Every structure is written in structure tokens, then in C-alpha cells.
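One structure is given here, and the rest of the page talks about it.
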Amino acid sequence: MDKIGAGAFAEVRAEINENGEEVAVKRILDKYKDNGNYTHRFKKEVEMLNKLSEHPNIVPLIEDRINEDNQEYVYVMKRARCNLKEFMLKPSIELTDTIRFSLFDQIVEALAFAHSKDVLHRDLSPNNILITESFTVWIADFGLGKDYTTKSIGGKSSIAGHGTAVYVAPEQTEKLSNATKKSDVYSLGKLFYFILTGNEPPYVITSVDRFERLIKRASSEQPDHRYKDAIDFKEEYEKAKQIQIILGQDDKFNRTLGELLNSNPKAPWNEFHEVAMKCNVIEHDWFDFIEPAMEKLKDINVIYEYVEHIGEDAALSFIKLFRERLREMPGIGWPYSDDYRIGIFAENLYIGSHLYTSIRKEALELLWDWAAKEDRWAIQDRVMSFIKDNKIRDKSLADHFAYYMLETGKTFRKLNTLNTRLIQQDSIKRAVIRLQSN
């Protein structure tokens with residue numbers, strides 16, 4: 001079967017067992033079967049996996065086949081979907097903070113369990129963190145003593161295929177026997193940086209947007225400055241995570257649209273859309289969602305750019321949500337004098353989405369809602385101008401607007417002053433005449 005991993009003295013291949021299940025089989029390379037150091041390390045790893053087998057986030061050991069007389073050094077484990085590095089790079093996966101925290105929670109739990117059993121890992125890196133189809137994390141390669149006294153070109157550790165040297169504690173690079181639980185804590189700090197940011201950590205982490213104190217302490221160059229073990233780290237991590245949740249910063253998509261645009265007025269369209277569709281509100285719909293959305297999309301060209309980038313269906317979902325939040329907005333607590341902006345936004349949306357009939361229909365309905373249903377005078381003037389100046393030239397749109405006008409059963413007094421002889425679209429003219437007669 002295919003080779004799915006390799007180290008300095010062993011390789012891992014995918015195989016089908018007697019039950020027809022795909023498993024991962026690790027074995028010492030033939031040329032190292034006489035090397036006592038490597039065979040000892042291999043047997044030690046099997047011992048540690050057996051010792052840690054009760055934890056769900058340690059790679060499950062199915063069986064071991066160690067026969068020193070026959071120089072057989074093999075063990076079989078369940079096969080995962082990919083390793084952490086591959087997982088983080090998959091474009092098909094939306095890496096929300098919920099997923100990031102779930103991955104790291106499992107890593108911390110597994111390592112804290114290992115440290116409670118006095119087991120060190122000594123090579124925690126994205127390559128040794130396995131991810132299953134259900135996003136379960138398995139830590140692999142426990143107990144392998146790596147030799148980090150030399151490094152190959154490009155920053156890789158001297159043990160090929162087992163992560164980059166940046167995850168290895170400084171004291172361990174000098175001598176493997178220097179490794180302690182604090183060395184694993186160093187790797188935890190670097191792993192958390194990688195999971196949070198999606199970037200390989202620098203050798204010295206000087207800043208990070210969130211969890212900075214936790215990460216910098218864990219990955220300190222000085223072992224005495226770190227947490228004493230993964231158990232100690234886990235306790236501080238849980239405290240820090242709760243604080244982030246209280247502050248609403250555990251997930252960037254928990255921010256309101258207003259908070260996003262205040263911090264980054266030029267936020268990319270994908271992020272703008274994701275946060276907008278979450279529609280988080282802390283203070284008031286107007287200030288947290290409606291006003292920021294109109295401010296961001298106040299220009300016709302910007303609206304066109306948004307729709308082109310995000311696509312018709314996504315943009316249509318947004319405008320439907322916008323209208324829904326307007327309908328449900330509390331009647332108090334927002335500046336009524338700004339209601340004219342809704343009319344401007346609706347008209348700009350109609351013009352800026354000129355290629356998309358579905359969005360233009362929503363814009364016309366929004367205009368009528370706030371002119372007739374909500375009886376907003378400033379918006380009524382805009383609707384009057386819209387009709388009188390014959391800005392709805394497409395017949396299908398005109399028919400839709402006329403139907404909606406009558407369907408709502410609402411009108412406004414100013415409409416009675418409109419000279420219907422100026423209206424070119426027959427359907428809108430009939431609708432106005434009917435409403436005037438009412």
C-alpha cells in the first residue's frame with residue numbers, strides 16, 4: 001500500500017487488515033533492524049502507546065508485532081484522515097475559531113493526560129498531530145527520542161518527516177536528555193500559535209493577536225519561565241479561553257458588523273459577508289448591524305463590487321437579512337432623523353446591482369416598505385421621484401413593483417399628489433391610480 005509517513009529509521013504505510021479496514025502500519029526500515037538504539041526507541045514507543053491507550057486523543061494502537069528473534073518491529077494503528085499541517089492547508093475547510101479551539105482542546109487534553117502518566121512526547125509538531133474524518137485529534141509518535149543536535153538546511157530537524165525545529169525547545173536541541181515536561185509545554189505554545197494564525201511560528205514569538213500572554217510564556221526560551229507541565233498549561237489555557245469568550249473575542253465572527261468595520265474599515269468582502277450574516281447584536285440593531293452595513297455599502301460602485309465578489313445568491317441572502325432586521329428593529333433607541341439613509345441605501349442597491357434582477361426586486365420592496373408601511377416622509381419623496389422620473393425601465397421589474405405596491409395594501413398621502421400621466425410603465429400607473437382611489 002501507499003507510504004503515508006517516514007522518519008529517520010521507520011516508515012508508515014496504509015494497509016488493509018483482515019477485517020477489510022484500512023489501517024496504518026509502522027515498521028522499522030530493514031537497514032536499521034540491527035541498530036540497538038532505534039529498536040529500543042521503537043519498543044519504547046509501543047510501551048508508551050499501550051500505557052496511554054485509554055485516552056481518546058492518543059493514536060489508537062490496534063496491535064503490535066514485535067519479535068526480536070525474527071527482527072520484526074511492527075505495530076498497527078487506526079488510520080487518520082491527515083495530519084494537522086495538511087488539515088490547516090485544506091481550502092475546502094472553513095477554519096472557524098470553534099474548529100481551531102476544538103483541535104487545540106484535544107491536543108492539550110491528550111498531553112495533560114500523558115504528563116499525568118509521566119510520559120513526555122519530545123516531538124510535538126503539526127506533522128505528529130493526526131486528524132480523523134470527524135475532526136477527532138490523535139497525537140502520534142509518543143516517546144521517540146529524537147536527536148536534535150544537528151539541523152538540516154531549511155530549518156528541518158535532523159529526523160526527517162517529524163516536524164520543523166521551530167517546535168522543539170531550545171534546551172532539547174542541545175541534548176535530547178535535557179527534555180522535560182516544560183519542553184513539551186514549549187511545543188504546545190508553538191502549536192497554539194500555528195492553529196490560531198495558520199502560520200508557522202517564528203523561533204521567538206514577540207506578538208500574537210490573542211492569547212499572547214499564554215503563548216509567550218509557554219514558548220519562552222527559558223524553561224523556568226514556562227508552565228511546569230501540560231496540566232498547569234491546561235488550567236491557564238481554560239482561564240484565558242473563558243476571558244476571551246466573555247469579551248466576545250473567542251471567534252472573530254462573534255463580533256458585530258459595527259465592531260468589524262470599526263477595527264478594519266477595509267475588511268475583505270468574504271469577512272464582511274460572514275460577519276454580516278451572523279448578525280450579532282450587542283447594543284441595538286441599528287448601531288451594530290444596519291447602520292454599519294449601509295455605511296460600508298453607501299456607494300453604487302462599492303455595492304457592485306460586493307455583489308460581483310460574493311455572488312448573487314449570497315448578496316441576495318444578505319439583503320433579505322437586512323430587511324428582516326429592519327422589520328424587527330426596536331421602535332426606540334435609534335436616530336429617527338437618519339431614516340432617510342434607508343431610502344438612499346435601497347436606491348443605491350437597486351442601481352449598483354443592475355445585473356441582478358433578484359436583488360433589484362428586494363431593493364424596490366425595501367423602498368416601498370419604508371415609504372408606505374413605515375410612513376417615512378423622506379423615503380416617500382425618494383419613491384415619488386423614482387416613479388415620476390421613470391427609473392424602473394425594465395418591464396418585469398416594473399410589474400413586480402406594481403404588484404408589491406398593491407399586495408402590501410399600504411399607501412401614503414403624498415402619493416395622491418403624483419401626476420399619473422407622467423408615469424410611463426403601465427403596471428405602475430395602474431397601481432398608483434388604484435392606491436390614489438383608496
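The values are calculated or read from the model by the stated rules, or taken from the named source; none is laboratory data. Please read these numbers as outputs of a predicted model, since none were measured by experiment. Heads up, the Cβs are rebuilt from the backbone with ideal geometry, glycines too, and the neighbour counts pull from every protein chain shown.
For the condition charged (D, E, K, R), at pLDDT below 90, outside any strand (DSSP E or B) and under 17 Å from Leu52 (Cα atoms), what is the one hit in Asp147, Asp209, Asp141, Asp184? Spell out the reasoning first.
Details: Asp147 fails: under 17 Å from Leu52 (Cα atoms); Asp209 fails: under 17 Å from Leu52 (Cα atoms); Asp184 fails: at pLDDT below 90.
Unique residue meeting the criteria: Asp141.
Residues Leu260, Leu214, Leu188: which one is surrounded by 18 or more Cβ atoms within 10 Å (Cβ to Cβ) and in the same structural domain as Ala276 (by TED's automatic domain parsing)?
From the options Leu260, Leu214, Leu188, the qualifying one is Leu260.
Do we have Tyr304 as buried (at least 16 other Cβ atoms within 10 Å of the Cβ) and assigned by TED's automatic domain parsing to the domain that holds Lys414 here?
Yes: the conditions hold for Tyr304.
Taking the stated definitions as given, is Ile243 assigned to a helix (DSSP H, G or I), in contact (Cβ under 8 Å) with a residue 24 or more places away in the chain and either of a type outside the set (Phe, Trp, Tyr) or buried (at least 18 other Cβ atoms within 10 Å of the Cβ) (or both)?
For Ile243, the condition - assigned to a helix (DSSP H, G or I), in contact (Cβ under 8 Å) with a residue 24 or more places away in the chain and either of a type outside the set (Phe, Trp, Tyr) or buried (at least 18 other Cβ atoms within 10 Å of the Cβ) (or both) - is not met.
Given the conditions (1) within 25 Å of the chain's Cα centre (by Cα); (2) surrounded by fewer than 20 Cβ atoms within 10 Å (Cβ to Cβ); (3) modelled with pLDDT of 85 or more, report the number of the one that Lys117 does not fulfil.
Tallying (1) within 25 Å of the chain's Cα centre (by Cα); (2) surrounded by fewer than 20 Cβ atoms within 10 Å (Cβ to Cβ); (3) modelled with pLDDT of 85 or more, Lys117 fails exactly one: (1).
Based on what the data block shows, is Ala372 touching a residue at least 40 places away in the same chain (Cβ under 8 Å) and either out of contact with any strand residue (DSSP E or B) (no Cβ under 6 Å at 6 or more places or on another chain) or assigned by TED's automatic domain parsing to the domain that holds Ala314 (or both)?
When the stated conditions are applied, Ala372 passes them.
Of the numbered conditions (1) among the aliphatic types (A, V, I, L, M); (2) within 29 Å of Val185 (Cα to Cα); (3) touching a residue at least 12 places away in the same chain (Cβ under 8 Å), Ile93 fails exactly one; give the number of that condition.
Only one criterion in (1) among the aliphatic types (A, V, I, L, M); (2) within 29 Å of Val185 (Cα to Cα); (3) touching a residue at least 12 places away in the same chain (Cβ under 8 Å) is unmet by Ile93, namely (3).
Test Lys216 against the criterion of being out of contact with any Cys (no Cβ under 8 Å at 6 or more places or on another chain), modelled with pLDDT of 90 or more and either part of a loop (DSSP other than H, G, I, E, B) or more than 20 Å from Ile139 (Cβ to Cβ) (or both), and give yes or no.
Yes; evaluated as a whole, the condition is true for this residue.
For the range 93-112, which residues satisfy the criterion of being of a type in the set (Val, Ile, Thr) and crowded, with 19+ Cβ neighbours inside 10 Å?
Matches in the range 93-112: Ile107, Val108.
Taking helices (runs of 4 or more DSSP H) that do not extend beyond the range 356-438, which have at least 2 residues that are farther than 25 Å from Arg325 by Cα?
Numbers: elements: 357-368, 377-388, 395-408, 426-437.
It comes to 377-388, 395-408, 426-437.
Among the candidates Glu86, Glu45, single out the residue that is out of contact with any Lys or Arg (no Cβ under 8 Å at 6 or more places or on another chain), at pLDDT 90 or above and among the acidic types (Asp, Glu).
The conditions single out Glu86.
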